[in-house]
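**Q** Just passing along the structure, written as structure tokens.
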Amino acid sequence: MAAATASRSGLRSALPLLAPAYLWLTVAIFLPLSAMVFFSFMTELPLSGKPWAFTLGNYAAFFSQSLYLTLLLASLRLGLEVTLWCIVIGYPAAYVLAKVLKGRSREAIFLLVILPFWSNGLVRIFSWAMVLREGGILDTALNAVLPFKINIDLMYSYPAVIIGLVHSYVPYMVLTCYLTLQAIDDSLIEAGRSLGASRLQVLKRVIIPLSMPGLVAGAALIFVPVVGSFMEPRILGGRTGTFYGTVIEDQFVAVFNWPLGAALSFILLAVVLVILAAASPVLKRAA
Amino acid sequence: MAGVQVSNVSRSFGAHKALDDVSIDFADGGFYALLGPSGSGKTTLLRQIAGFDFPDSGRIAIGGESVERVPVEKRRIGMVFQNYALFPNMSVADNVAFGLSVRGEAKAVIAAEVQAALDLVQLGKLGGRRPHQLSGGQRQRVALARAIVTKPRVLLLDEPLGALDKALRVDMQIELKRIQREIGITTIFVTHDQEEALTMSDRIGILRDGRLVQEGPPEEIYDRPKSEFAATFLGDANIFRGDSTGNGIRLADGTAIAAGAGATLAAGAKASCAVRPERIRIATDAGVSNATDTNVLKGQVSKRIFAGNNSTYFVDRAGQTLKVIVQNTGIERLSEGQDVVLRWSPESTVLIAAS
Ligand SMILES: Nc1ncnc2c1ncn2[C@@H]1O[C@H](COP(=O)(O)OP(=O)(O)O)[C@@H](O)[C@H]1O
Ligand SMILES: [Mg+2]
């Protein structure tokens, strides 16, 4: 009772501090988003000057053409694979950062992990293009080292899209896992080992369960944008890089069918929300 | 169950010698306190025995078996940490079950052993709780139950009562001692609290700057400290410094102080004498002399601290302040500024070679 009163008065005093953030969120997210919801029910874009009417056709299009569903499933699979690779690569990196390295070396490695964040997305993707194409850096380097001739041309392939996306998003996983891992007291690890558990058993029974919130947060931060991604698939995937996100992008920049683009993105949003909601009890239990 | 032998163990961190040639024999089934000021190397020594850290030189044996190359999880030790280190993602029962379950024991066996361990620490009904739902003292008991349920050969405790308040501490001291007796496990207990060391242990080792200063049963260290440090760190002591007369010392002003029989030091060398405050009798000039109290000093009371059942008098003499503790058996009290005579026997005086 007393606690509730205290928290309510705390909220009231915090209101002036929260107001700018909420105002900004309202203007920056809510208004454009509601405009998009509005557009998604129109036959034509009102801005184009053509006559327009309300319709459910844009949503119906998704269900009438199997192509969209196929692409959505491909994008979900892409999101799943990229998330898994980010866990495989990011979790051990976060562990080493949080529990093995100390002092200067930790700072240096941390900087390397954060670097992709600070570089321009397009620059990053085009650098990968230079590395992955035939006669590119990877191809040349491998052939210089190996005694036999091999052809490495990963450009315009599914693996190239995965590599580019994993590189872009793995810092999220490293950061969220690092935060939960470094909050785990070293004495818990020592307690586990003094009780007869090997390093691997301690990892499985103590460290991974305790860092689950970081894994879940990282996975959500990665999965959602990757499912809707279009830049990496387009540049690194070429013709194989047609995904749900690239189709949406096409509606906005190429075909200029904003209503269909808007409808497709809201379907994606709904699907992603359903997936997160369905997964949350499982994840909560694990965490 | 097994004894632990630490032989000539040294461990340095950079240029800092955290342990310097330490040798201790921890007897099988004994309760051993490692006492020392903060930074003296107590935790470092415990971590060498546990296997979290390895000595630069020296040997460690548990139950006669050399363990230098044995990793922590194979040493069969039980450890209680200062911050308890309970797994927050598990219930109390699962915490206690951890050691048995990583060993792959059968579920029914685990359940029975866990219940027995929780009963032993009087937490039989709290198995379903999470660690954060327990009080400090209860967490301490869970940590203890978790450490002993695997039937380790040695129990290591690093300032386990440090985070508890005074009353709870005393309860836990008694409780810990009871449990230790009941299962008869070799116990090594790190503390910086001299009272805790005195009341709980069979033997005490005093560490200072990584070196073992003195080692032995509590009474022996208290009655016959071998250094000024041991005399003042374990209990309180008045220290006199002067030149050795063979069985006592002569102070700068010529006063002789006699030490107990058996004290032998080359005459003329620098030496000190230590006297416990409660061994000194204090009286006004008119006080009656006791035949055996051959050490006599005159002084003046500079301060009195009344503590109910006893009083502490600070007595100034020749630029030195001496401490005297008197049981308040009567109502007569000495007042500040009063001239007094201090008397004590040579048997209460320890002769210490200057270090
Ligand atoms: N891992 C370490 N790295 C560097 N110095 C350490 C390390 N562990 C302990 N020390 C140093 O060794 C000395 C003894 O420490 P410790 O054994 O923890 O003392 P105590 O437990 O008696 O307070 C201290 O000066 C401490 O700073
Ligand atoms: Mg310590």
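No value in this document is a laboratory result; all are computed from the given coordinates. This structure is a prediction, so every number in the text was calculated from the model and none was measured. Here the Cβ positions follow ideal geometry from the backbone for every residue, glycine too, while neighbour counts run over all protein chains shown.
**Q** Using modelled amide H (1.01 Å from N, peptide plane; none on Pro or chain starts), what sits under 5 Å from the amide H of A:Met42, excluding residues fewer than 5 places away?
**A** Amide H neighbours of A:Met42, under 5 Å, 5+ apart: A:Thr55.
**Q** So, one more: Report the residue, chosen from B:Ala147, B:Ala271, B:Ala108, that carries the largest GNM mean-square fluctuation when chain B is represented by alpha-carbon nodes joined by springs under 10 Å.
**A** B:Ala108
**Q** Please label the shape of segment A:1-138 as rounded, prolate or oblate, based on the square roots a ≥ b ≥ c of the eigenvalues of the alpha-carbon gyration tensor (a/c under 1.5 means rounded; beyond that, a/b larger than b/c means prolate, else oblate).
**A** In terms of gyration-tensor shape, oblate.
**Q** Which helices, counted as full DSSP H runs in chain A, have an axial Cα extent of no less than 18 Å and a Kyte-Doolittle average of -0.5 or above?
**A** Helices passing the filter in chain A: A:2-25, A:66-95, A:103-118, A:158-182, A:208-227, A:258-286.
**Q** Based only on the alpha carbon positions, what is the Kirkwood hydrodynamic radius of segment A:183-287, in angstrom?
**A** The Cα-based Kirkwood calculation yields 16.9 Å.
**Q** Helix B:107-120: angle to the longest alpha-carbon principal axis of chain B, degrees 0 to 90, nearest 10?
**A** In chain B, helix B:107-120 runs at an angle near 20 degrees to the longest axis.
**Q** Under 29 Å Cα to Cα from A:Lys284, which lysines show up? Leave out anything in the same chain fewer than 8 places away.
**A** A:Lys99, A:Lys204, B:Lys107, B:Lys125
**Q** I've got another one for you. HN-Hα J couplings of segment B:207-216 from phi, Karplus 6.51/-1.76/1.60, θ = phi - 60°, integer Hz, Gly and Pro as x?
**A** For segment B:207-216, the Karplus-derived couplings read 9, 8, 6, x, 10, 7, 7, 7, 8, x Hz, x marking Gly and Pro.
**Q** By what distance, in whole Å, do the Cα atoms of segment A:62-168 stretch along each of the three principal axes, largest value first?
**A** Projected onto its principal axes, the Cα set of segment A:62-168 covers 58, 38, 25 Å.
**Q** Computed over the Cα atoms, what is the radius of gyration of segment B:236-353 divided by 2.2 N^0.38 Å, N being its residue count?
**A** That ratio works out to 1.06.
**Q** So what's segment B:4-223 giving for Cα Rg divided by 2.2 N^0.38 Å, two decimals?
**A** Against the compact-globule rule of thumb, the ratio is 1.01.
**Q** Using the charge dipole of segment A:177-267 (Lys, Arg: +1 at Cβ; Asp, Glu: -1 at Cβ; taken about the Cα centre), state which of A:Gly196, A:Val216, A:Phe230 has its Cα farthest towards the positive end.
**A** Ranked along the dipole, the leading option is A:Gly196.
**Q** Report, in whole Å, the centroid distance computed from the Cα atoms of segment B:124-186 and segment B:231-266.
**A** Between the Cα centre of segment B:124-186 and that of segment B:231-266, the gap is 43 Å.
**Q** With only alpha-carbon atoms in the gyration tensor, what are the semi-axes of the equivalent ellipsoid for segment B:207-288, in Å, largest first?
**A** After diagonalising the Cα gyration tensor, the semi-axes are 24, 18, 11 Å.
**Q** Which one, B:Leu297, B:Leu118, B:Leu46, has the greatest fluctuation when you compute a Gaussian network model over chain B with C-alpha springs under 10 angstrom?
**A** Its mean-square fluctuation being the largest, the pick is B:Leu297.
**Q** Rg and Dmax of the protein assembly as shown over Cα atoms: what are they, in angstrom?
**A** 37.0, 124
**Q** Same structure, new question: Mind pulling the angle between the C-alpha long axis of helix B:166-183 and the longest principal axis of chain B? Nearest 10 degrees, somewhere in 0 to 90.
**A** In chain B, helix B:166-183 runs at an angle near 60 degrees to the longest axis.
**Q** Turning to a different aspect of this structure: With a cap of 15 neighbouring Cβ atoms within 10 Å, and only residues DSSP puts in a loop, list the trypsin sites (Lys or Arg not before Pro) found in segment B:1-87.
**A** B:Arg69
**Q** Another question, if that's okay. Pick from A:Leu165, A:Leu17, A:Leu142 the residue whose mean-square fluctuation is largest in a GNM of chain A, springs joining Cα atoms under 10 Å.
**A** Judging by the Gaussian network model, the answer is A:Leu17.
**Q** Would you mind working out the magnitude of the charge dipole of the protein assembly as shown relative to its Cα centre, with +1 at each Lys and Arg C-beta and -1 at each Asp and Glu C-beta, to the nearest 20 Debye?
**A** 820
**Q** Seen from all sides and averaged, what is the projected area of the convex hull of the Cα atoms in segment B:104-178, in nm²?
**A** The number I arrive at for segment B:104-178 is 5.6 nm².
**Q** Picking from A:Leu11, A:Leu76, A:Gly136, whose Cα lies most toward the positive end of the charge dipole for the protein assembly as shown (charges on Cβ: Lys, Arg +1; Asp, Glu -1)?
**A** Highest projection toward the positive end goes to A:Leu76.
**Q** Still on this structure, please answer the following. Within a 10 angstrom radius of each residue's Cβ in B:78-90, how many Cβ atoms of other chains show up on average? Whole number is fine.
**A** The shielding value for this peptide is 5.
**Q** According to the square roots a ≥ b ≥ c of the eigenvalues of the Cα gyration tensor, what is the shape class of segment A:152-210, taking rounded for a/c under 1.5, prolate for a/b larger than b/c otherwise, and oblate for the remainder?
**A** prolate
**Q** How much mean residue ellipticity at 222 nm does chain B get from its helices, if each DSSP H run of length 4 or more adds -39500 (n - 2.57) and you divide by all residues, to the nearest 500 deg cm²/dmol?
**A** Taking each H run of at least 4 residues, the total per residue is -7000 deg cm²/dmol.
**Q** Moving on to the next point. With axes computed from alpha carbons, what is the tilt in degrees of helix B:136-148 against the longest principal axis of chain B, rounded to the nearest 10 within 0 to 90?
**A** So the helix axis and the longest Cα principal axis differ by about 70 degrees.
**Q** Could I ask something else about it? Answer rounded, prolate or oblate for chain A, using the Cα gyration tensor with square roots of eigenvalues a ≥ b ≥ c: rounded when a/c is under 1.5, else prolate when a/b is larger than b/c, else oblate.
**A** Oblate.
**Q** Could you size up the charge dipole of chain B around its Cα centre, putting +1 on the beta carbon of Lys and Arg and -1 on that of Asp and Glu, and report it in debye to the nearest 20?
**A** Using Cβ point charges on Lys, Arg, Asp and Glu, chain B gives about 680 debye.
**Q** Can you pull out the trypsin sites (Lys or Arg not before Pro) in segment A:47-148 that DSSP calls coil and that have at most 12 other Cβ atoms within 10 Å?
**A** Sparse-neighbourhood loop trypsin sites (Lys or Arg not before Pro): A:Lys102.
**Q** With +1 on each Lys and Arg Cβ and -1 on each Asp and Glu Cβ, and nothing else charged, work out how big the dipole of chain A is about its Cα centre, in Debye to the nearest 20.
**A** So the dipole magnitude of chain A works out to roughly 760 debye.
**Q** What percent antiparallel are the DSSP beta bridges of the protein assembly as shown, to the nearest 5?
**A** 75
**Q** Now, a different point. As a check on your grasp of the helix formula, calculate [θ] at 222 nm for chain A: sum -39500 (n - 2.57) over DSSP H runs of n ≥ 4, divide by the residue count, round to the nearest 500.
**A** Roughly -24000 deg cm²/dmol at 222 nm, from the helical runs in chain A.
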